[in-house]
Amino acid sequence: KPKKQSKKSKTKAKSKAVSAPPSMLYDSSHRIRTPNANDVLCGRGGNINNHPGNIAFRSLVSEQKNAYNLSTNKNQKSIISQSIVDQIHSLVPSGRFLTKDETMYGGGWWVEVDNAKAVSKTSQALREGAPTIRALAAADNKSELKGTKGAGSTKAAKRSLGKRKRASYKRSASAKVEKEASREEDDQEQEEASLHPLIVP
């Protein structure tokens, strides 16, 4: 009788059949040995961060960070991410988003990722520092509102001061008129007393 295959061997066979090398996830027929100056390299490390294409990519991302993180419209955010990817592709020579393929030829080769992966990487870069950007924007809006309220209160204070000045002027003018009238009455009484023989001044 033929020997029955154990459960462990079946599991191993299945895992071998299902798993695929990372290189099969990309277009392996277009492996790149040396990226050009406009390529954006996916990954971590000083060499990747200092690559000219990555520096240019971060500059484009920095220009759009505020617009991206302050927008509440998902479609608008997607448009911003796609526009950055398109700008990289439009460079001469054309910039590509590359990731390392370590499975062939001893490693050190690159393959280009598809547009969805490039947009995803761009969106991730745009989201870096999002809480700080939103907090600063909220603080600016708050200070602007305070400034508007302060200007309104200053105007109200000026109006109130103007009213007080006008009332004070009216009171002083009225007092002046009354004083002059009282003086005229005194002068008239003295004149009458001097003319009348029975009145002793």
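Among the listed pairs LYS65/LYS121; LYS74/LYS146; LYS100/LYS121; LYS65/LYS100; LYS74/LYS117; LYS74/LYS121, which have their C-alpha atoms separated by more than 24 angstrom in this model?
Over 24 Å Cα-Cα: LYS74/LYS146; LYS65/LYS100.
May I ask for the net charge around TRP109, where only other residues with Cβ less than 10 Å from the Cβ of TRP109 are counted and Lys, Arg are +1 while Asp, Glu are -1?
+1
Coordinate-derived values only; no laboratory data. Predicted model, so just to flag it, every value in this text is computed and none were measured. Because the Cβ atoms are built from the backbone with ideal geometry, glycine has one as well, and the counts that use them run over all protein chains shown.
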